[in-house]
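Step one of this worksheet: look at the structure below.
Just so it is clear, none of the values below were taken in a lab; they were calculated from the coordinates. Worth saying up front: this structure is predicted, and the values here are computed from it rather than measured. We place every Cβ from the backbone using ideal geometry, glycine too, and count neighbours over all the protein chains shown.
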């Protein structure tokens with residue numbers, strides 16, 4: 001099927017998001033071609049066409065987000081940019097998830113994950129080569145000469161935070177492929193290759209210097225260990241997860257404290273130490289300042305928001321920006337730009353995907369497959385990282401989320417003894 005070809009090719013090129021045509025990365029164009037060809041192919045069958053019906057929870061969330069975005073047009077400085085931002089957000093939680101569901105329905109899950117891992121390995125390998133040999137392949141591929149962000153590396157993605165985010169997701173799914181190969185008794189060569197892939201991506205995460213990625217990887221790793229451990233060990237890991245969540249909540253307090261008290265000093269012998277010092281002593285004050293400003297604007301316009309064109313990734317000029325920087329929290333950013341309705345819509349989306357992931361990770365059941373567990377660990381890592389980043393539209397994130405919710409919908413249908421898939425609105429957990 002031609003839609004599968006376009007989807008797989010788009011996923012393979014996903015880390016090359018700086019290769020753009022008419023403003024969109026080449027992977028986006030390929031996903032759109034997959035969407036169009038998939039829709040045409042399924043248009044002749046009511047059963048197949050049902051995959052495009054949005055899930056009822058995501059549908060109502062999309063309606064709230066749309067309402068918030070449209071109301072915020074009152075304050076938007078650039079209506080075209082605001083509407084484009086709205087289209088992108090609605091696209092990822094409806095059409096893109098449905099497209100991913102179509103891939104799952106056609107039994108392409110393993111192929112999609114394998115290709116996504118290859119894309120992550122490529123991105124990680126570029127960063128690793130630049131890190132160890134001092135080359136500049138990352139800047140050449142991304143078109144961004146500023147590949148040294150205080151000693152950090154961005155690979156082909158153009159920014160260290162993007163690289164770290166991408167590699168956290170792909171490395172967790174590499175762990176899944178490794179576990180599946182081990183369980184299936186694959187030959188030693190395959191296991192060694194997968195281990196090499198994992199090491200490359202982990203070094204890439206380290207080279208990114210992204211503290212957010214470090215936190216996301218730690219959280220995801222604990223989730224992976226949790227689903228692969230005995231009941232006794234699970235209690236210890238559950239306590240560790242609790243500690244990590246508390247630590248994440250305390251980071252804001254540390255940031256505030258760093259503003260009013262003498263600087264925290266941590267050894268900078270590694271990129272982790274450099275990253276921690278950067279967060280505590282440099283970016284903390286900047287981010288807290290932007291948090292305060294965004295909250296001030298929210299208090300002035302809690303219903304309408306400041307305008308959807310003010311999203312940090314919208315690409316508008318500095319002169320058109322109200323805040324010079326970005327609010328590094330996805331939900332706070334949404335409330336700031338789109339008001340209470342958009343905020344509630346995205347809160348529903350995050351709650352729903354977190355609910356599915358938590359059930360899969362923490363429900364000790366033989367029915368929970370290895371695939372569901374690892375997809376859930378990756379999704380929970382993305383939810384955690386979103387508390388410190390502002391990226392809404394990354395397709396790598398929505399690919400993993402789409403795989404998880406699609407797997408869950410299919411799994412629920414088979415539990416109910418359904419031989420054919422009904423519209424998604426009727427299949428939600």
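For each of 1, 385, count neighbouring Cβ atoms within 10 Å of the residue's Cβ, then give the residues from fewest to most.
On the way: 1 15, 385 26.
Arranged by neighbour count, lowest to highest, 1, 385 become 1, 385.
Modelled label-to-label distance, residue 347 and residue 144, 7 Å Cα→beta-carbon offset: nm?
Result for the modelled spin labels: 3.1 nm.
Provide the gained length on full extension for the span residue 225 to residue 73, in nm with one decimal, where the gain is 0.36 nm per separating residue minus the Cα-Cα distance.
Numbers: separation 152, 0.36 × 152 = 54.72 nm, distance 4.61 nm.
Gain on stretching residue 225 to residue 73: 50.1 nm.
For residue 1 and residue 56 in one chain, what is 0.36 nm times their gap in residues minus the Cα-Cα distance, to one decimal in nm? Intermediate results must be reported in sequence, preceding the final value.
Values: separation 55, 0.36 × 55 = 19.80 nm, distance 2.78 nm.
Computed gain between residue 1 and residue 56 is 17.0 nm.
Using the number of other C-beta atoms within 10 angstrom as an exposure proxy, rank 409, 182 with the fewest first. Please report the intermediate quantities before stating the final value.
Numbers: 409 23, 182 12.
With the fewest neighbours first, 409, 182 line up as 182, 409.
Expressed in nm to one decimal, what extension gain is obtained for the pair residue 49 and residue 301 from 0.36 nm per residue of sequence separation less their Cα-Cα distance? Walk me through the numbers before you get to the answer.
Working: separation 252, 0.36 × 252 = 90.72 nm, distance 4.09 nm.
The residue 49-residue 301 span can extend by a further 86.6 nm.
Under 13 Å from a point placed 7 Å out from the Cα of residue 24 along the Cα-to-Cβ direction: which residues of the range 159-189 have their backbone N that close?
It comes to no residues whatsoever.
Could you calculate the FRET efficiency of residue 136 with residue 111 from 1/(1 + (r/R0)^6), where r is the beta carbon distance between them and R0 is 35 Å, rounded to 0.05? All intermediate terms of the calculation are to be shown ahead of the outcome.
Numbers: r = 33 Å, r/R0 = 0.94.
It comes out at approximately 0.60.
Once label points are set 7 Å from the Cα along Cα→Cβ at both residue 370 and residue 358, what is their separation, rounded to one decimal in nm?
About 2.8 nm separates the two model spin labels.
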